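Following this message is one structure expressed as structure tokens.
The values are calculated or read from the model by the stated rules, or taken from the named source; none is laboratory data. What you see is a predicted model, and the numbers here were worked out from it, not measured in a lab. Heads up, the Cβs are rebuilt from the backbone with ideal geometry, glycines too, and the neighbour counts pull from every protein chain shown.
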Amino acid sequence: MLLISKTTPNLWVSPPHQIHRENSLTYPNGFIFFRPSSKTPLVSSNLYHSCATIGTSVLPSETIDCKITDYNIEICRFCELGNLRRAMELINQSPKPDLELRTYCSVLQLCADLKSIQDGRRIHSIIQSNDVEVDGVLGSKLVFMYVTCGDLREGRRIFDKVANEKVFLWNLLMNGYAKIGNFRESLSLFKRMRELGVKMNSYTFSCVMKCYAASGSVEEGEGVHAYLSRLGFGSYNTVVNSLIAFYFKIRRVESARKLFDELGDRDVISWNSMISGYVSNGLSEKGLDLFEQMLLLGINTDLATMVSVVAGCSNTGMLLLGRALHGYAIKASFGKELTLNNCLLDMYSKSGNLNSAIQVFETMGERSVVSWTSMIAGYAREGLSDMSVRLFHEMEKEGISPDIFTITTILHACACTGLLENGKDVHNYIKENKMQSDLFVSNALMDMYAKCGSMGDAHSVFSEMQVKDIVSWNTMIGGYSKNSLPNEALNLFVEMQYNSKPNSITMACILPACASLAALERGQEIHGHILRNGFSLDRHVANALVDMYLKCGALGLARLLFDMIPEKDLVSWTVMIAGYGMHGYGSEAIAAFNEMRNSGIEPDEVSFISILYACSHSGLLDEGWGFFNMMRNNCCIEPKSEHYACIVDLLARAGNLSKAYKFIKMMPIEPDATIWGALLCGCRIYHDVKLAEKVAEHVFELEPENTGYYVLLANIYAEAEKWEEVKKLRERIGRRGLRKNPGCSWIEIKGKVHIFVTGDSSHPLANKIELLLKKTRTRMKEEGHFPKMRYALIKADDTEKEMALCGHSEKIAMAFGILSLPPGKTVRVTKNLRVCGDCHEMAKFMSKMVKRDIILRDSNRFHHFKDGSCSCRGHW
């Protein structure tokens, strides 16, 4: 290619007939530009020499440098064609110092368009090496290239060096920071814009409001709203849409609605912002109503509309509408959109329509980690945790890397059904992929181990955590409470208060530990903390408080707190009914049950277990049968093993042993050890050795490792003085390597728990305790109350049996309480096993002798001893 000037002397030009007009251009100044032939390479390696071969007689100083001009033009032309590779080749071949500004700008623009950061950096290096001045235009283009290609740091470095008042660049940087979540820096740029007086536009304010929404800066966001309104941007769609999103983000729903209503020219984004905002704020019904209005007005929907509306259907359980939207989406060619399919998966799985979710999942052309996670969660919701685990492994085989949400979802699935080994496999995956440092993952791991009953593993995870939040502490405290480790829960609660401030969930987690230990004083201390921090308004905390007082024997306080709950739910009533049952107040339990139904709350399976238990422990046989029939016939609840166990217990305690046995045989479900065990307890009460032997064999077959049932049969033999059978049974226990849980009782005095075991004489007050027990026994004999020797459970003479009876742990604990507590104060004792008959008789006598109430909680129920009588009235 040649550029020839008419002013050049003696310059030879081809005759007119040799010039191909279609390949030439004539400019007004007389220059003629010859286009290359399609057969000729665009760039010849002999380009410089071909220019020199033209016959000329010009002096060196008058020589036209046609080469540089051609390079600039050709590089720009390749940039217009989008051919970055050829443009870069020409730049590499060209004399760099003479490349023009527009050439650099063209190439940088193309680098930005193609996201080619390497070529962009190469151009920047050439600019620097040739000392090209990076002025406003070139600097702007460099900033644009770097930010567009993702190198925000280098783009910002150049931006700070170039004095630039172009709002476009400011917006570009602000958006760049917003995309990576650095809202503080984005807003800092905005403040700098205001200081420098840079003229802003609607996109500036749109970005700023999104940043304030994301960072939750309410007051500053409202201030900018007022500022942009003064500047006249309050009517711009892009600005108003971002304002709507801001107010929804800070949960100012009415403010967002006001802006929408005042917006004259609403676009689809305005409608989408409103629908999405309602859905994300738990007002999905309003979002769906707005979607209906949108359709009536003929506003065209887009993918974002469909995603928000399907999410609304998911939240409200409107499956029919969701199905209709699914069909509409397919017709509107949205059926292959990944985001929509993920929403459909979530909707179907949350509504319990797992088959439809599977159908969507299997027909998806593209599946993301969100798709797999949604399906894993769907299987877990339906109790199909095995399928969740299988899908997790399939996901790995497909090469999809699980993210934090996938890991926490699969751990939750393992936790729900106690899949400890699968949970450990996931834990190994977490270790291999170095994900354990994530707080959410560690918390989910602890929760899984706690729900699977492996508190040792849960504690290992907890102790290795570098950072712990309130969820971490609550998970461990709740885990200890639920796994019958109340002391560990209380100790961790004390440690927590040095590291983190407890919240209402902490209270709901720690109160069951106090209830388990019957630690009334500790429970009252925590109650004080609850009142001081305003947690008593939380219904979960209120229910836990009622339960704690009930299990600590303070029935009156429990009822007082129960009456103070403003809105009682099913759990509140069930806790109170169960409490009455525990304390032997069957009539009061029935009254509470009827009151619950009258208030409009229908009982569930657990409520019926509680009322049946209450009837059983109060000897209310007819009432118990009535509730059992109500459950099946009126409430259409199919009885489970726990309900059948209550009926067997009810019959057995009433002495209807043969009827209970026939009932078990006629049950539609296979009886478990609990059901047979209830009948075995009845056999002990009524001394039916023959039936006990028959029942015991069923129990031993179902739970061969449970020592409690062996001991119960041994006690039945011992009470019948069948010492040879006791010996055989003990030998059988020995051969199996089983160990009987030792009986122990405890009492809390001044915040300290004192524990006593049978025959314990190590306590500092042991002599005084023994003296009080002997004095009580003497007084009992004087008044005609003789020891019930059958409860000694040993083959010995009466003197030895009496000594054994005096060593029972509950007697020692009661005596210690009488000696240690102020006169008139109630003695509260807890025993890990069922109280023995002789101790029961002595407790009644003691309450009359020392003129104070004694409350004894054993493994079955509460006994309130007062003035020589017990609240159980013999039904225990």
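Checking G528 against (1) in a loop (DSSP other than H, G, I, E, B); (2) over 30 Å from S869 (Cα atoms); (3) out of contact with any helix residue (DSSP H, G or I) (no Cβ under 8 Å at 6 or more places or on another chain): exactly one of these is not met. Which one?
The single condition G528 does not satisfy is (1).
While we're looking at this one, here's another question. Just to check your reading of the model, which residue among I275, I244 is at pLDDT 90 or above, more than 27 Å from the chain's Cα centre (by Cα) and in a helix (DSSP H, G or I)? Talk me through it step by step, then tell me what you get.
Working: I275 fails: more than 27 Å from the chain's Cα centre (by Cα).
Exactly one of I275, I244 is at pLDDT 90 or above, more than 27 Å from the chain's Cα centre (by Cα) and in a helix (DSSP H, G or I), namely I244.
Here is a further query. Run H698 past the list (1) within 44 Å of the chain's Cα centre (by Cα); (2) part of a helix (DSSP H, G or I); (3) modelled with pLDDT under 85 and report the number of the one that doesn't hold.
Checking H698 against (1) within 44 Å of the chain's Cα centre (by Cα); (2) part of a helix (DSSP H, G or I); (3) modelled with pLDDT under 85, the one that fails is (3).
Kindly provide the set of residues from the range 327-344 that are free of Cβ contacts under 8 Å to residues at least 24 places away in the same chain and surrounded by fewer than 23 Cβ atoms within 10 Å (Cβ to Cβ), ordered by number.
Our first condition is that a residue be free of Cβ contacts under 8 Å to residues at least 24 places away in the same chain; within the range 327-344, this holds for 327-331, 333, 335.
G327, Y328, I330, K331, S333, G335, listed by residue number.
Let me ask another. Every residue in the range 173-204 that is over 39 Å from the mean Cα position of the chain (by Cα), outside any helix (DSSP H, G or I) and either not assigned by TED's automatic domain parsing to the domain that holds Y236 or not β-branched (V, I, T) (or both), please.
G197, K199, M200, N201
Let me ask another. Could you list, ordered by first residue, the pairs with Cβ atoms under 7 Å in which the first is in the range 731-747 and farther than 26 Å from I855 by Cα and among the aliphatic types (A, V, I, L, M) and the second is modelled with pLDDT of 80 or more and in a loop (DSSP other than H, G, I, E, B), at least 6 apart or interchain?
These pairs meet every condition: L738/E705.
Return the residues of the range 706-730 that are closer than 17 Å to L833 by Cα and free of Cβ contacts under 8 Å to residues at least 40 places away in the same chain; say none if nothing qualifies.
Result: N706, T707, G708, Y709, Y710, V711, L712, L713, I716.
Next question. When you scan the range 442-472, how many residues do you find that are surrounded by fewer than 19 Cβ atoms within 10 Å (Cβ to Cβ) and farther than 21 Å from K501 by Cα?
The total comes to 4.
Of the residues in the range 559-592, how many are under 20 Å from P639 (Cα atoms) and without any contact (Cβ under 8 Å) to a residue 24 or more places away in the chain?
The number of residues fulfilling the criteria is 0.
Hey, another quick one. Could you tell me whether any residue of the range 373-383 is under 14 Å from the mean Cα position of the chain (by Cα), at pLDDT below 95, of a type in the set (F, W, Y) and more than 20 Å from S500 (Cβ to Cβ)?
No, every residue in the range 373-383 fails to be under 14 Å from the mean Cα position of the chain (by Cα), at pLDDT below 95, of a type in the set (F, W, Y) and more than 20 Å from S500 (Cβ to Cβ).
Does at least one position in the range 460-471 carry a residue that is closer than 24 Å to N543 by Cβ and out of contact with any Phe, Trp or Tyr (no Cβ under 8 Å at 6 or more places or on another chain)?
At the first step, the residues of the range 460-471 found to be closer than 24 Å to N543 by Cβ are 470-471.
Now narrow it down to the ones that are out of contact with any Phe, Trp or Tyr (no Cβ under 8 Å at 6 or more places or on another chain): 470-471.
For the range 460-471, residues closer than 24 Å to N543 by Cβ and out of contact with any Phe, Trp or Tyr (no Cβ under 8 Å at 6 or more places or on another chain): present.
Free of Cβ contacts under 8 Å to residues at least 12 places away in the same chain and more than 18 Å from M209 (Cα to Cα) - does that describe any residue in the range 298-314?
Initial filter on the range 298-314 (free of Cβ contacts under 8 Å to residues at least 12 places away in the same chain): 298.
Now restrict to residues that are more than 18 Å from M209 (Cα to Cα): 298.
Yes, that holds for at least one residue.
If you don't mind, there's one more thing I want to ask. Which one is nearest to the chain's Cα centre (by Cα), of the residues in the range 727-759 that are β-branched (V, I, T) and modelled with pLDDT of 85 or more? Give the derivation first.
Of all residues in the range 727-759, those β-branched (V, I, T) come to 733, 747, 749, 753, 755, 757-758.
From what's left, modelled with pLDDT of 85 or more: 747, 749, 753, 755, 757.
Values: I747: 38, I749: 39, V753: 36, I755: 39, V757: 42 Å.
That would be V753.
Among the residues of the range 269-290, which ones are among the polar types (S, T, N, Q) and under 15 Å from L303 (Cα atoms)? Don't jump to the end; show me each part of the working.
Let us first name the residues in the range 269-290 that are among the polar types (S, T, N, Q), namely 270, 272-273, 276, 280-281, 284.
Listed by number, the residues that qualify are S270, N272, S273, S276.
Hey, another quick one. For P60, which of the numbered conditions (1) assigned by TED's automatic domain parsing to the domain that holds D135; (2) at pLDDT below 90 fails to hold?
In the conditions (1) assigned by TED's automatic domain parsing to the domain that holds D135; (2) at pLDDT below 90, P60 misses (1) alone.
Please determine whether any residue of the range 123-135 is touching a Cys at 6+ places or on another chain (Cβ under 7 Å) and not polar (S, T, N, Q). Steps first, answer last, please.
The initial filter retains those residues of the range 123-135 that are touching a Cys at 6+ places or on another chain (Cβ under 7 Å), namely 123.
Right, trim to not polar (S, T, N, Q) and you get 123.
Yes: the range 123-135 contains one or more residues that are touching a Cys at 6+ places or on another chain (Cβ under 7 Å) and not polar (S, T, N, Q).
Moving on to the next point. Would you mind finding the one in G619, G534, G556, G626 that is surrounded by fewer than 24 Cβ atoms within 10 Å (Cβ to Cβ) and in contact (Cβ under 8 Å) with a residue 40 or more places away in the chain? Let's see the steps before the verdict.
Values: G534 fails: in contact (Cβ under 8 Å) with a residue 40 or more places away in the chain; G556 fails: in contact (Cβ under 8 Å) with a residue 40 or more places away in the chain; G626 fails: in contact (Cβ under 8 Å) with a residue 40 or more places away in the chain.
Just a single option satisfies the conditions, and that option is G619.
Then there is this: Here is a list: K210, K199. Which entry is more than 17 Å from L169 (Cα to Cα), touching a residue at least 12 places away in the same chain (Cβ under 8 Å) and among the charged types (D, E, K, R)? Spell out how you get there, then give the answer.
Values: K199 fails: more than 17 Å from L169 (Cα to Cα).
Testing whether each residue is more than 17 Å from L169 (Cα to Cα), touching a residue at least 12 places away in the same chain (Cβ under 8 Å) and among the charged types (D, E, K, R) leaves just K210.
Can you find a residue that is among the basic types (K, R), surrounded by fewer than 22 Cβ atoms within 10 Å (Cβ to Cβ) and either in the same structural domain as G327 (by TED's automatic domain parsing) or in contact (Cβ under 8 Å) with a residue 60 or more places away in the chain (or both) anywhere in the range 345-356? Write out each step before concluding.
Here is the first cut: in the range 345-356, the ones among the basic types (K, R) are 350.
Among the residues that remain, those that are also surrounded by fewer than 22 Cβ atoms within 10 Å (Cβ to Cβ) are: 350.
Subset that is either in the same structural domain as G327 (by TED's automatic domain parsing) or in contact (Cβ under 8 Å) with a residue 60 or more places away in the chain (or both): 350.
The answer is yes, given that some residue of the range 345-356 is among the basic types (K, R), surrounded by fewer than 22 Cβ atoms within 10 Å (Cβ to Cβ) and either in the same structural domain as G327 (by TED's automatic domain parsing) or in contact (Cβ under 8 Å) with a residue 60 or more places away in the chain (or both).
Continuing with this model, one more query. Give the number of residues within the range 162-214 that are among the hydroxyl-bearing types (S, T, Y) and under 19 Å from I244 (Cβ atoms). Talk me through it step by step, then tell me what you get.
Of the range 162-214, the ones among the hydroxyl-bearing types (S, T, Y) are 177, 186, 188, 202-204, 206, 212.
Now narrow it down to the ones that are under 19 Å from I244 (Cβ atoms): 202-204, 206, 212.
Number satisfying all stated conditions: 5.
What pairs can you find where one residue is in the range 823-835 and closer than 13 Å to A518 by Cα, the other is outside any loop (DSSP other than H, G, I, E, B) and of a type in the set (K, R), and their Cβ atoms are less than 8 Å apart, with a gap of 6+ or different chains?
From the range 823-835, the pairs are R828/R857; V829/R857; T830/R857; K831/R857.
Can you find a residue in the range 113-122 that is outside the structural domain of V208 (by TED's automatic domain parsing), touching a Phe, Trp or Tyr at 6+ places or on another chain (Cβ under 6 Å), under 19 Å from R77 (Cα atoms) and not β-branched (V, I, T)? Give the derivation first.
In the first step, residues of the range 113-122 are kept if they are outside the structural domain of V208 (by TED's automatic domain parsing); the result is 113-122.
Still in the list and also touching a Phe, Trp or Tyr at 6+ places or on another chain (Cβ under 6 Å): none.
Among the residues of the range 113-122, not one is outside the structural domain of V208 (by TED's automatic domain parsing), touching a Phe, Trp or Tyr at 6+ places or on another chain (Cβ under 6 Å), under 19 Å from R77 (Cα atoms) and not β-branched (V, I, T), which makes the answer no.
Also: Is it fair to say V268 is hydrophobic (A, V, I, L, M, F, W, C) and over 17 Å from A245 (Cβ atoms)? Walk me through how you get there before you give the answer.
On the way: hydrophobic (A, V, I, L, M, F, W, C): yes; over 17 Å from A245 (Cβ atoms): no.
Spelling it out, it is not the case that V268 is hydrophobic (A, V, I, L, M, F, W, C) and over 17 Å from A245 (Cβ atoms).
Moving to a separate point now. I'd like the full set of residues that are under 23 Å from A515 (Cα atoms) and touching a residue at least 60 places away in the same chain (Cβ under 8 Å), limited to the range 836-862.
Selection gives I855, R857, N860, R861, F862.
Exactly one condition in (1) within 25 Å of T417 (Cα to Cα); (2) surrounded by fewer than 18 Cβ atoms within 10 Å (Cβ to Cβ) is false for Y480; which is it?
The number of the failed condition is (2).
Let me ask something else. Name the one entry in M446, M455 that is within 22 Å of S516 (Cβ to Cβ), touching a Ser or Thr at 6+ places or on another chain (Cβ under 6 Å) and assigned by TED's automatic domain parsing to the domain that holds G423.
Details: M455 fails: touching a Ser or Thr at 6+ places or on another chain (Cβ under 6 Å).
Checking each option against the conditions leaves just M446.
For (1) modelled with pLDDT of 95 or more; (2) in a helix (DSSP H, G or I); (3) β-branched (V, I, T), each residue gets a yes or a no:
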| residue | (1), (2), (3) |
| --- | --- |
| R522 | no, yes, no |
| G553 | no, no, no |
| D563 | yes, yes, no |
| I577 | yes, yes, yes |
| I601 | yes, no, yes |
| F608 | yes, yes, no |
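Count, please, the residues in the range 390-420 that happen to be over 18 Å from the mean Cα position of the chain (by Cα) and part of a helix (DSSP H, G or I).
Total satisfying the criteria: 9.
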